[in-house]
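Shown next, in structure tokens, is the structure this report addresses.
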Amino acid sequence: QVRFVESGGGLVQSGGSLRLSCAASGSIFNTYAMGWYRQAPGKQRELVAGISRAGTTKYADSVKGRFSISRDNAKNTAYLQMNSLKPEDTAVYYCNAARYHSDYDSVFGSWGQGTQVTVSS
């Protein structure tokens, strides 16, 4: 099963930036879409951004224009560049694989520990 290790989170002031990384195990990274998700306390996990095998991207409305997802298939790594951070972006951020860019609800990897992002006002 595909496994992921997220890193790059931290404490940042409102308006600041962070870059998250997601390292995937296995050698089939370039065969699936990748999604970044987040879960805030008391809320359900939600999709933040997704990137297809070919590099097509999609974003939640709440992060459009501020976040950017990318992938480096040679390094089996996906990234999430987060700019203009807001307190409401505070959450644990996870990555996972999806078979289709059109369906990020159906993940097939194991959920990692995630990385905590805290944005202070």
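Evaluating 6.51 cos²θ - 1.76 cosθ + 1.60 at θ = phi - 60° for every residue in segment 60-73, the Karplus couplings come out as 5, 4, 5, 10, 4, x, 10, 9, 9, 9, 8, 8, 10, 5 Hz, glycine and proline recorded as x.
When the alpha carbon gyration tensor of segment 1-80 is reduced to an equivalent ellipsoid, the three semi-axes, largest first, read 22, 14, 13 Å. Rounded to the nearest 20, the size of the Cβ-charge dipole of the chain about its Cα centre is 160 debye, with Lys and Arg at +1 and Asp and Glu at -1. Using a/c under 1.5 as the rounded threshold, could you call segment 63-121 rounded, prolate or oblate? The axes a ≥ b ≥ c are square roots of the C-alpha gyration tensor eigenvalues, and prolate needs a/b larger than b/c, oblate otherwise. Here segment 63-121 falls in the prolate category. Accessible area per residue for the chain is 52 Å², calculated with a 1.4 Å probe on protein heavy atoms, without ligands, DNA or RNA.
In this structure the amide hydrogen of G16, modeled in the peptide plane, comes within under 5 Å of the amide hydrogens of L85, none closer than 5 places in sequence on its chain. Among the trypsin sites (Lys or Arg not before Pro) found in segment 18-58, those both in a DSSP coil and sparsely packed, with 14 or fewer other Cβ atoms within 10 Å of their Cβ, are K43.
Comparing A78, A23, A97 in a Gaussian network model of the chain, where Cα atoms under 10 Å apart are tied by springs, the biggest mean-square fluctuation is seen for A23.
The values are calculated or read from the model by the stated rules, or taken from the named source; none is laboratory data. As the structure is a prediction and not an experimental result, all values here were calculated from the model. Note that we place each Cβ from the backbone using ideal geometry, even for glycine, and neighbour counts take in every protein chain shown. For the accessible areas, the whole protein counts, side chains as well, though only heavy atoms, and no ligand, DNA or RNA atoms are used. Shrake-Rupley method; radii C 1.70, N 1.55, O 1.52, S 1.80 Å.
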